[in-house]
1. To the nearest 20 debye, what charge dipole does region 119-173 have about its Cα centre, counting +1 at the Cβ of each Lys and Arg and -1 at the Cβ of each Asp and Glu?
2. Quick one: what do you get for region 23-149 if you divide its Cα Rg by 2.2 N^0.38 Å?
3. What shape does region 1-86 have by the C-alpha gyration tensor, where a ≥ b ≥ c are the square roots of the eigenvalues, rounded means a/c under 1.5, and otherwise prolate means a/b greater than b/c and oblate the rest?
4. Can you quote the Å³ per residue value for the convex hull of the Cα atoms in region 80-171, rounded to an integer?
5. Note down the Stokes-Einstein diffusion coefficient of region 67-115 in µm²/s, whole number, using a Kirkwood radius over alpha carbon pairs, 37 °C, and 0.692 mPa s.
6. Scan the chain and note any complete DSSP helix (H) whose C-alpha atoms cover at least 30 Å along its axis and whose Kyte-Doolittle average is 1.0 or more.
7. Taking a quarter of the surface of the convex hull around the Cα atoms of the chain, what do you get in nm²?
8. Using the Cα atoms as the points, what is the convex hull volume per residue of region 179-231 in Å³?
Amino acid sequence: MDYQHNFKKKFGQNFLNDENILNKIVKEAEIPEDTLVIEIGPGAGALTNKVKDVAKNVLAYEIDLDLQNILIDKFKDTNVEFIWEDFLNRNIKEDIKDYEYSHIFVVANIPYYITTPIVEKIINSGVDVEKVVIMVQKEVGDRFSAKPGNKEYGSISVFLNYYYDIKELFIVSKNCFTPRPNVDSVILSLTKRKDKPEVKDEKTLFRLIKDSFRFKRKNLRNNLKEYDLLKIEEVLKKYNKDLTARAETLDLNIFVDISNNI
Ligand code: SAM
């Protein structure tokens, strides 16, 4: 390590220290030349330093002002800019308005304590992010990328699958970080879907997904008591299913079909 830093647990600070993993993230992210990369939590800039060599520009959000000493000096006169604030409080659309680019990617080893808020923020930003390549806790990655029938499959898997094709790229051992965390991690890629299903009303879809998974062990009849069950049953029939099915067996398209018919 070529810097001094007091690591802060409250900011989820586990910095990557493995050169091979850093190279592998950038390689597998497949960042086209004319890309603006948004990074959340550059830390001491290990990943930033690799990404800057392949991207057109990097815009990095860092909440810990103590890292200014390291980062400002390290990235002076480069294609990297910083915003020293909580990513969750920013208006991303506004922040990137002066950049020119053909693609926008998010590439980041994010702070795990706000994994879901970060992903939701990206989805709701109104910015056309083509691909998100992020490191997350292994068990969170398993949930995000789970397919129907898998025990990890839940409302977040269906919700994310509405926006993205999700893949676990590779696992990263806890030994690759300073300080060493308690859990292993995984690199996820979330590629924006070009074939997003047609939905009459997103709010209805999202409420249906949430309610269907309310009690994991209960079937749809029990979890969806307040809905028009006859209509739901009619849709389920098309898929050879009925109200005794559990939400964990339904794929996104079935949820979409139900929500378009209630
Ligand atoms: N990217 C670096 C690396 O791979 O070595 C650091 C990763 S560390 C897991 C997460 C980083 O996110 C820390 O630098 C932390 O200070 C920063 N961070 C935490 N909360 C943040 C927030 N709300 N907005 C922006 N950065 C944040």
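1. Values: 7 positive and 8 negative charges, 26 e Å.
With Lys and Arg at +1 and Asp and Glu at -1, about 120 debye.
2. Working: Rg = 14.3 Å, N = 127, 2.2 N^0.38 = 13.9 Å.
Region 23-149 yields a ratio of 1.03.
3. On the way: a/c = 1.76, a/b = 1.37, b/c = 1.29.
Verdict is prolate for region 1-86.
4. Values: hull volume 10.9 nm³, N = 92.
Convex hull of Cα atoms, per residue: 118 Å³.
5. Working: Rh = 13.2 Å.
In µm²/s, the coefficient is 250.
6. Numbers: long enough: none.
Membrane-span-like by this criterion, though nothing is claimed about a membrane: none.
7. Working: hull surface 59.1 nm².
The directionally averaged projection comes out at 14.8 nm².
8. Working: hull volume 9.2 nm³, N = 53.
In region 179-231, the Cα convex hull volume per residue is 174 Å³.
Only the coordinates and a few stated rules stand behind these numbers; no lab work does. On a predicted model such as this, the values are computed, not experimentally measured, just so you know. Neighbour counts run over all protein chains shown; Cβ positions are idealised from the backbone, glycine included.
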